[in-house]
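So the structure is just underneath, and the comments pick up after that.
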Amino acid sequence: MEYKDYYKILGVDKTASKEDIKKQYKKLARKYHPDVNPGNKEAEEKFKAINEAHEVLSDDEKRKKYDTLGADWKRYEQTGGQGGGFDWSQYGQPGGGDYQTYSDGFGGGDFSDFFSSIFGNMGGGGRGRRASMSAKGQDYTADLALSLEEAYTGGKKTITVNGKNLRINIKPGVEDGQTIRLK
């Protein structure tokens, strides 16, 4: 799928506000509208591209998908957000792993070492998704490994704490470093 830089098409920065996007869209739509440029195929194509860019960048959810997935955002949306037929391996470890551990941003090392230092060798992994549990006044914190697809669509994960398996419900759109409180 060919990557279309919607920000470039509209002539705005990636940090542009919705109002800036709307203002630039109106300006370009007037300039390239088919009624203003009858018979001009180039202007018509430009107008279509401007409309497509505006449709994505003016919708917070679509814009977030576009910013996260780039050219693949539309293919992901067409699969109903379930990842069917979508190749997620390019978003994992180099070489197509299931998830990326992001150890560089957290002082190096593997998060499983961090998890082990808190819970011993009871399980877990890392990616910066946090699961917290309170028991008898004591908090437990662990980093939970999630693939990009799991972080985006949500799902259930199992971790072991003090010999007990806990099934955690991950809400769609969980972000790196987010805390999940278990009751």
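The values are calculated or read from the model by the stated rules, or taken from the named source; none is laboratory data. Since this is a predicted model, take the numbers as computed values, not measurements. Neighbour counts run over all protein chains shown; Cβ positions are idealised from the backbone, glycine included.
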Query raised in the report: Taking region 168-183, which residues are within 15 Å of the chain's Cα centre (by Cα) and not in a strand (DSSP E or B)?
Result: Lys171, Pro172, Gly173, Val174, Glu175, Asp176, Gly177, Gln178
Query raised in the report: In the set Asn121, Asn165, which member is more than 30 Å from Leu69 (Cα to Cα), in a loop (DSSP other than H, G, I, E, B) and either at pLDDT 70 or above or not hydrophobic (A, V, I, L, M, F, W, C) (or both)?
Result: Asn121
Query raised in the report: How many residues, within region 9-18, are of a type in the set (D, E, K, R) and either modelled with pLDDT of 95 or more or part of a loop (DSSP other than H, G, I, E, B) (or both)?
Result: 2
Query raised in the report: Looking at Gly83, Gly70, which one is within 30 Å of Ala145 (Cα to Cα), part of a helix (DSSP H, G or I) and modelled with pLDDT under 90?
Result: Gly70
Query - Residues being buried (at least 17 other Cβ atoms within 10 Å of the Cβ) and not aliphatic (A, V, I, L, M) - total across region 16-42 - result: 3
Report summary line: Within region 61-70, the residues that are within 14 Å of Tyr6 (Cβ to Cβ) and either exposed (fewer than 15 other Cβ atoms within 10 Å of the Cβ) or not aliphatic (A, V, I, L, M) (or both) are Lys62, Arg63, Lys64, Lys65, Tyr66, Asp67, Thr68, Gly70
Query raised in the report: Given Glu45, Glu52, which one is part of a helix (DSSP H, G or I) and exposed (fewer than 14 other Cβ atoms within 10 Å of the Cβ)?
Result: Glu45
